[in-house]
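Reviewing the structure listed below.
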Amino acid sequence: MKESLWTKDYISAIMILMLCHVGPYLLLSVITVIGKQLTGSDTYAGMLASVFSLFSMPASFIGVWLLDRIGYKKSMLLSILILVIVSAGFIVSNSYWILFFLRGFQGFGYGMATTIINTYIVSLVHKEKLVEGVGYASLTNSLGGIIGPSLAYTILGNQYNSFYELFIVLLLIELVTFLMVLFTKNIDNMNMRKREISLKSHVDFSILPIMIPVIVAFLNSMASSSLSSFLTLYVVEMGIGEIGLYFTINAIGLFVSRFTMKALNDKLGPDNIIKICCIILFVCIYVISIVDTLWQILAVAFPIGFATGTIAPIINVDIINQMPDSKSGLANALFSSFVGLGFVFGATFWGMISNILSYSYMFKLSSFIYLIVLVLIGTQKKLFKS
C-alpha cells in the first residue's frame, strides 16, 4: 500500500508555504503603482518590481546552505523573521529608495523561505508522487495569487492611496506565518536525517541536461513579468475600469491547472504540453496588446493563468529529476533563481520599452517570447522528462 501524499508534515508545510506567498503577493501587482506615483517613471516603477526577484536569487542558494547546516525549522524562522522586519519597515517608509531596498530585502527573505520549504516538501514526497507533490506545492502560489492581489485592491480602494493600511495587513500576515512555523512541531524529522546521509555521499552529475529547462524557465518568467508588472498601469492609462478581477480569474486558471496537470502530462507528455501552452500564451498576450475594453482582458485571464500554471511545475520537476536526490535543494534554487532572473530582467526591460514606445507595443514584444520558446523546444528531440 502506497503512503498517502497528504501527511501531517506535508499539510503543515503547504499551509506555511501558502502564507509565504500571500504576503509578498499583496504588493506584486501594485508595487509599480507606488513607484509610478512616487517618481512618475515607468522605468523606476519597473525597478521597484524587479529588485524583489534580484534579491531573491542569491537568497535561494543561501537558503540551501542554511538548511544543510541548521535544519528546516531554524532556517524557516530566520527567513520569515526577515519578512516580518521588512514589513514593519514598509509602514514607516517615506521615499522611493527606502521602498526600493525594503522590497529587495523582502525578496531576500521570500527567496530563502520558499526554497527551504519547497525542498522540505520534496523530501516528504515519494518519487512516483513528485509531479503531484510539487504541483500542489505550486498551487499555494496560485492561492497567494488569488488572495494577495484581490486583498490589495480591496484595501487600496479606487484611488489606489491606502498604502499604509496595506502595509499593516502585510505585517500581520508575516507575523501569523512566523507563529505557525514557531509552533509547528517535528519539522526536522527523520527526513532531515536521510538528507544529511545523502549529502555525505559524493554524486557526480552533469549540468548540461538542465540548461534548456532553466532557459525556458527564464524566458517564461521574463514574458509573464510584463503582465504582473504593467497590466495595472496599462488599464489605468486606458481608463477602462478596475483590473483587480483579472488577477483573480488569472489565479483561478493557475489553480485549475494544478488538478489537470498530471492527467495532461500522462496523456500528452511534457514537451507537447509546453508547446500548446506557449501557443496559448502567445495568442492571449498579443490579444491584450490590441484590446480597448476590460472584458477582452478578462476573457484571456483564465487561459493565461492555466498555461503559465502548467508550464512552471513541469520545468521544476524536470530539473529535480535531472539531479541526484541530495541536490534537490540546489535544483529548487536553480529553478527559483532563473525564474527570478527572468522577472528582474523582464520588469526592467519592459519598463524601458513602455517608456520608449507604449504599453501596447511592450505586450506585443513580450508575446513573441513564447515563439522563441517554441523554436527552442522544436530543436530538441525530447526536452523534458515525464
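The values are calculated or read from the model by the stated rules, or taken from the named source; none is laboratory data. Predicted model, so just to flag it, every value in this text is computed and none were measured. Note that each Cβ is placed from the backbone with ideal geometry, even for glycine, and that neighbours are counted across all protein chains shown. These area figures cover heavy atoms from the full protein model, side chains too; ligands, DNA and RNA do not enter into them. Shrake-Rupley method; radii C 1.70, N 1.55, O 1.52, S 1.80 Å.
Under 9 Å between Cβ atoms, at least 6 apart or on separate chains: pull out the pairs that start in the range 165-179 with a residue that is farther than 20 Å from S75 by Cβ and end on any residue that is of a type in the set (A, V, I, L, M) and outside any helix (DSSP H, G or I). From residues that are farther than 20 Å from S75 by Cβ, the pairs are L166/V30. Only one of the numbered conditions (1) over 19 Å from W350 (Cα atoms); (2) open to solvent by 30 Å² or more (accessible area, probe 1.4 Å) is violated by V283, and that is (1). Entry remark, the range 57-74: residues being in a helix (DSSP H, G or I) and either more than 22 Å from the chain's Cα centre (by Cα) or more than 26 Å from F218 (Cβ to Cβ) (or both) number 6 in total. Based on what the data block shows, is W6 farther than 28 Å from V236 by Cβ and part of a helix (DSSP H, G or I)? Against the criterion (farther than 28 Å from V236 by Cβ and part of a helix (DSSP H, G or I)), W6 does not qualify.
For the range 74-90, a tally of residues being open to solvent by less than 50 Å² (accessible area, probe 1.4 Å) and more than 14 Å from I173 (Cα to Cα) returns 5. The residue that is modelled with the highest pLDDT, among those in the range 318-345 that are among the small types (G, A, S) and farther than 15 Å from M112 by Cα, is G342. Restricting to the range 55-92, and then to whatever is modelled with pLDDT of 85 or more and hydroxyl-bearing (S, T, Y), can you tell me which residue is nearest to T177 (Cα to Cα)? Across the range 55-92, the extreme among qualifying residues is S79. Do the conditions hold for F335, that is, is it of a type in the set (A, V, I, L, M, F, W, C) and surrounded by 24 or more Cβ atoms within 10 Å (Cβ to Cβ)? Yes, satisfied. Only residues that are open to solvent by 40 Å² or more (accessible area, probe 1.4 Å) and over 18 Å from C284 (Cβ atoms) were counted across the range 218-240, and they come to 4. Of all the residues in the range 271-297, those that are under 21 Å from the mean Cα position of the chain (by Cα) and closer than 16 Å to T232 by Cα number 1. With respect to S138, is the statement that it is of a type in the set (G, A, S), surrounded by 18 or more Cβ atoms within 10 Å (Cβ to Cβ) and at pLDDT below 90 true? Against the criterion (of a type in the set (G, A, S), surrounded by 18 or more Cβ atoms within 10 Å (Cβ to Cβ) and at pLDDT below 90), S138 qualifies. Does D292 meet the test of being assigned to a helix (DSSP H, G or I), at pLDDT below 85 and acidic (D, E)? No; evaluated as a whole, the condition is false for this residue. Yes or no: the range 16-37 includes at least one residue that is open to solvent by 20 Å² or more (accessible area, probe 1.4 Å), touching a residue at least 24 places away in the same chain (Cβ under 8 Å) and among the small types (G, A, S). Within the range 16-37 (the criterion being open to solvent by 20 Å² or more (accessible area, probe 1.4 Å), touching a residue at least 24 places away in the same chain (Cβ under 8 Å) and among the small types (G, A, S)), the answer is no, since none of the residues qualifies. Listed by first and then second residue, the pairs linking a residue in the range 69-92 that is among the polar types (S, T, N, Q) to a residue that is buried (at least 24 other Cβ atoms within 10 Å of the Cβ), with Cβ atoms under 6 Å apart and 6 or more places separating them unless they lie on different chains, are S75/L67; S75/I116; S79/G109; S79/M112; S79/A113; S87/L170; S87/E174. Count of the range 22-56 residues, restricted to those that are polar (S, T, N, Q), part of a helix (DSSP H, G or I) and touching a helix residue (DSSP H, G or I) at 6+ places or on another chain (Cβ under 7 Å), is 6.
Quick one: is A299 modelled with pLDDT of 85 or more and part of a helix (DSSP H, G or I)? Yes; evaluated as a whole, the condition is true for this residue.
When the residues of the range 38-71 are filtered to those that are buried (at least 24 other Cβ atoms within 10 Å of the Cβ) and among the hydroxyl-bearing types (S, T, Y), the one that is nearest to I98 (Cα to Cα) is S50.
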